1. In Å², and per residue, what accessible area does the chain have when probed at 1.4 Å with the other protein chains present?
2. Only bridges with both residues in the chain count here: give the DSSP antiparallel percent, nearest 5.
3. Sum -39500 (n - 2.57) across every DSSP H segment of at least 4 residues in the chain, then divide by the residue count to get the 222 nm mean residue ellipticity, nearest 500.
4. State the percentage of accessible surface on the chain attributable to carbon and sulfur atoms; use a 1.4 Å probe and exclude ligands, DNA and RNA.
5. Along Cα→Cβ, 7 Å out, is where each label goes; now give me the distance between the ones at THR172 and ASP50 in nm to one decimal.
6. Quick one: helix 132-142 against the long Cα principal axis of the chain, what's the angle to the nearest 10°, folded into 0 to 90?
7. What range in the chain is the longest one free of trypsin sites (Lys or Arg not before Pro) that are in a loop by DSSP and have at most 12 other Cβ atoms within 10 angstrom?
8. Quick check: residue separation of ARG57 and LYS144 times 0.36 nm, minus the Cα distance between them. What number comes out in nm?
Amino acid sequence: MCEQGSLSDFRVVKAQRYLRCDVCEATVMDASCRLSPEQEREIYQLHDNDPSDPGYRTFLSKLTEPLLERLPSGASGLDFGCGPGPALAQMLEAEGMAVSLYDPYFYPSAVALDQTYDFITCTEVVEHLYAPAGVFRELDRMLKPGGWLGVMTCFQTDDDRFDNWHYRRDPTHVVFYREFTFKLLANRFGWHLEIPRKDVALFRKPA
Ligand SMILES: [Zn+2]
């Protein structure tokens, strides 16, 4: 995650091995425990991201509400890792934003990764990344100066509850971030970090 620390044993839960970084405090699943791409794709297709589901829209609004408060009208953005259903894009477009889609499985558009944006959203994405440091570098490259990166993921807090944590039990979740992890990430790129809601991080690239 930070490319600076070293990983040491953290926990073994039902043959799943997890490591902890001594610098950024990210927790990562050992690479040998990961699913195959085919197994991952099957699970992602089961994700029920129905744009018309009010419960799902309420869930996404934890990110969209504070983000929209900070965006100028008519801003253009990218929903990075949008999954099969573009619910978040629809919600932002209803507020006058333009939203491009990228997802390695469902919207694999290389063109979308070749633009720059006023904002990028990553909801329920970063916990799936095998190489998060490189992805955050790519996101920084795609952000215009003054642009916003909105990340939603369950922050890892209490180590004593890690084994039974619902978020850990999803076998496609391979990296867990603490608030401290995101503070270091922001420092590294010179971004400003705000945490407006539980499990939501808003990073602003300097103008
Ligand atoms: Zn680290």
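1. 48 Å²
2. 60 percent
3. So the helix-based figure for the chain works out to -8500 deg cm²/dmol.
4. The nonpolar share, carbon plus sulfur, comes to 50 percent.
5. 1.8 nm
6. 10 degrees
7. Values: sites that count: LYS14, LYS198.
Looking at the chain, 15-197 is the longest stretch - no exposed trypsin sites (Lys or Arg not before Pro) with at most 12 other Cβ atoms within 10 Å.
8. Working: separation 87, 0.36 × 87 = 31.32 nm, distance 2.70 nm.
The ARG57-LYS144 span can extend by a further 28.6 nm.
The values are calculated or read from the model by the stated rules, or taken from the named source; none is laboratory data. The shown structure was predicted, so the numbers you read here are calculated from the model rather than taken from an experiment. FYI the Cβ positions are ideal-geometry reconstructions off the backbone, even for glycines, and counts take in every protein chain you see. Calculation scope for accessible area: heavy atoms of the full protein, side chains included, ligands and nucleic acids excluded. Shrake-Rupley method; radii C 1.70, N 1.55, O 1.52, S 1.80 Å.
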